[in-house]
1. Kindly establish whether residue 17 is of a type outside the set (Asp, Glu) and under 10 Å from the mean Cα position of the chain (by Cα).
2. Can you run down the residue pairs with Cβ atoms below 8 Å, 6 or more apart or on separate chains, where the first is in the stretch 48-76 and closer than 15 Å to residue 12 by Cβ and the partner is at pLDDT below 90?
3. Looking at the stretch 1-60 only, could you name the residues that are modelled with pLDDT under 90, closer than 16 Å to residue 72 by Cβ and either touching a strand residue (DSSP E or B) at 6+ places or on another chain (Cβ under 6 Å) or part of a strand (DSSP E or B) (or both)?
4. Do you know which residues across the stretch 1-31 are loosely packed, with under 12 Cβ neighbours inside 10 Å and either within 13 Å of residue 68 (Cα to Cα) or touching an Asp or Glu at 6+ places or on another chain (Cβ under 9 Å) (or both)?
5. With the requirement that a residue be over 10 Å from the mean Cα position of the chain (by Cα), of a type outside the set (Phe, Trp, Tyr) and exposed (fewer than 15 other Cβ atoms within 10 Å of the Cβ), what does the stretch 45-69 give you?
Amino acid sequence: MTATAKAINLSDRIYITATQGRSTLVSGEVSGVSSVSEIVSYLKNTVEKINGIVVLTLRNCTQGWSQNHTLVLRRA
């Protein structure tokens, strides 16, 4: 998580988009999460064969902010 990460509250509606290259892996809304780490865990559990560089875009519909995270994910 970056030093400029915004706060996420359990009641916030977060719209996430995860892309790898030109492919969209996940696009949708989540709630009931309180951190970027929880969203990354959700992403890993949702996409079966995720491996490599992924760009995760978060848009907090409740608070009105968005941010991008570039991740390197590896399946064990």
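The values are calculated or read from the model by the stated rules, or taken from the named source; none is laboratory data. What you see is a predicted model; the values in this text were computed from it and never measured. Note that we place each Cβ from the backbone using ideal geometry, even for glycine, and neighbour counts take in every protein chain shown.
1. So residue 17 fits the description; yes.
2. Final answer for the pair search is 60/6; 63/6; 63/7; 65/6; 67/2; 67/4; 67/5; 67/6.
3. 43, 47, 50
4. 1, 2, 3, 4 - these are the residues of the stretch 1-31 that are loosely packed, with under 12 Cβ neighbours inside 10 Å and either within 13 Å of residue 68 (Cα to Cα) or touching an Asp or Glu at 6+ places or on another chain (Cβ under 9 Å) (or both).
5. Once the filter is applied, which keeps residues that are over 10 Å from the mean Cα position of the chain (by Cα), of a type outside the set (Phe, Trp, Tyr) and exposed (fewer than 15 other Cβ atoms within 10 Å of the Cβ), the stretch 45-69 yields 45, 46, 48, 49, 51, 52, 53, 61, 62, 63, 64, 66.
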